[in-house]
Amino acid sequence: MSNAMPIVFVVDDDVSVRESLDALIRLEGWQPETFASARDFLARPRVLVPSCLILDVSLPDLNGLELQTRVASEGVSLPIVFITGHGSVPMSVRAMKAGAFEFLTKPFSDEVLLNAIREAIARSTEALAEEAEMCILREHHASLSRREQEVMALIVSGLLNKQAGSQLGISEVTVKAHRGKVMRKMGAGSLADLVTMAARLSHASSRRATRPS
């Protein structure tokens, strides 16, 4: 993933804009993919490589803000750089509040756009790396038995082995045995590591639960 060529998606109904951005993006060493409409872009399967989306606000079918909402509902980490020749403060505020990475009003220089793309790709790279770590973490947690998951939850909440055993109706020695297995399966070097892992799993689960549908 880290060695994959970044993809810069462009959604704009103006063919001259698509062609000029295609050339500019290629010149920088990235892979451009251009689309004339939001629906054409949505039909394209998502990719797990560093990427960003250059998006015009005014489009013939779904407009840019509507497409932004659709992308967010998919749960895909795709930084969006809006470009428009008819921007307004309320429009830019709405886009930024909804998570847009940047909102550029024409005219703007190539370098301004390229800087925005570089930063957006850097953010995408970080997000993909974090998601890869989370996948491993979720797999490790799923490998725990039900009892081991119960022990983990109580231990990271601050209970001592004896207290956890009392709550679960098992001996302190049994809790210690389960705790050792939890540490090994989770790849935790210390209790602090395990607490951090549990917090990350809980945070990721909360974000998925509150994701817009």
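The values are calculated or read from the model by the stated rules, or taken from the named source; none is laboratory data. As the structure is a computational prediction, the values presented were derived from the model and not from experiment. Neighbour counts are summed over all protein chains in view; Cβ atoms, including those assigned to glycine, are modelled from backbone coordinates with ideal geometry.
What's the number of the condition ALA43 fails, among (1) without any contact (Cβ under 8 Å) to a residue 40 or more places away in the chain; (2) surrounded by 13 or more Cβ atoms within 10 Å (Cβ to Cβ); (3) within 30 Å of ALA204 (Cα to Cα)?
(2)
Output the residue which, of all residues in the range 66-83 that are closer than 16 Å to PHE9 by Cα and more than 13 Å from the chain's Cα centre (by Cα), is surrounded by the fewest Cβ atoms within 10 Å (Cβ to Cβ).
If we take residues in the range 66-83 being closer than 16 Å to PHE9 by Cα and more than 13 Å from the chain's Cα centre (by Cα), then ARG70 is surrounded by the fewest Cβ atoms within 10 Å (Cβ to Cβ).
Write out, first by first residue and then by second, each pair whose Cβ atoms fall under 7 Å of each other, whose residues are 6+ apart or on separate chains, and whose first residue, in the range 119-136, is at pLDDT 90 or above while the second is of a type in the set (Phe, Trp, Tyr).
Partner pairs satisfying both residue conditions: ALA120/PHE101; ARG123/PHE101.
Could you list all residues from the range 1-31 that are over 19 Å from PRO60 (Cβ atoms) and either crowded, with 18+ Cβ neighbours inside 10 Å or of a type in the set (A, V, I, L, M, F, W, C) (or both)?
Taking the range 1-31 first, the residues over 19 Å from PRO60 (Cβ atoms) are 1-8, 20, 22-31.
Selection gives MET1, ALA4, MET5, PRO6, ILE7, VAL8, ALA23, LEU24, ILE25, LEU27, TRP30.
May I ask you to list the residues in the range 150-165 that are free of Cβ contacts under 8 Å to residues at least 12 places away in the same chain, at negative phi and loosely packed, with under 15 Cβ neighbours inside 10 Å? Lay out the reasoning, then the answer.
Of all residues in the range 150-165, those free of Cβ contacts under 8 Å to residues at least 12 places away in the same chain come to 157-160, 163, 165.
Those still in the list that are at negative phi too: 157, 159-160, 163, 165.
Correct list: SER157, LEU160.
Run LEU48 past the list (1) closer than 29 Å to GLU130 by Cα; (2) free of Cβ contacts under 8 Å to residues at least 60 places away in the same chain and report the number of the one that doesn't hold.
So the condition that LEU48 fails would be (2).
Could you list, in sequence order, all residues of the range 29-78 that are over 18 Å from GLU119 (Cα atoms) and among the β-branched types (Val, Ile, Thr)?
THR34, VAL47, VAL57, THR69, VAL71
The rows are residues; the columns are (1) closer than 30 Å to GLY29 by Cβ; (2) touching a Ser or Thr at 6+ places or on another chain (Cβ under 7 Å).
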position	(1), (2)
VAL93	no, no
MET96	yes, no
THR105	yes, yes
SER109	yes, no
ILE117	yes, no
HIS141	no, no
VAL156	no, no
LEU159	no, no
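Working only within the range 18-46, note down all residues that are over 24 Å from the mean Cα position of the chain (by Cα) and aliphatic (A, V, I, L, M).
Scanning the range 18-46 gives LEU21, ALA23, LEU24, LEU27, ALA36.
From the residues in the range 175-205 that are under 23 Å from the mean Cα position of the chain (by Cα) and of a type in the set (S, T, N, Q), which one is modelled with the lowest pLDDT?
Restricting to residues being under 23 Å from the mean Cα position of the chain (by Cα) and of a type in the set (S, T, N, Q), the top hit is SER205.
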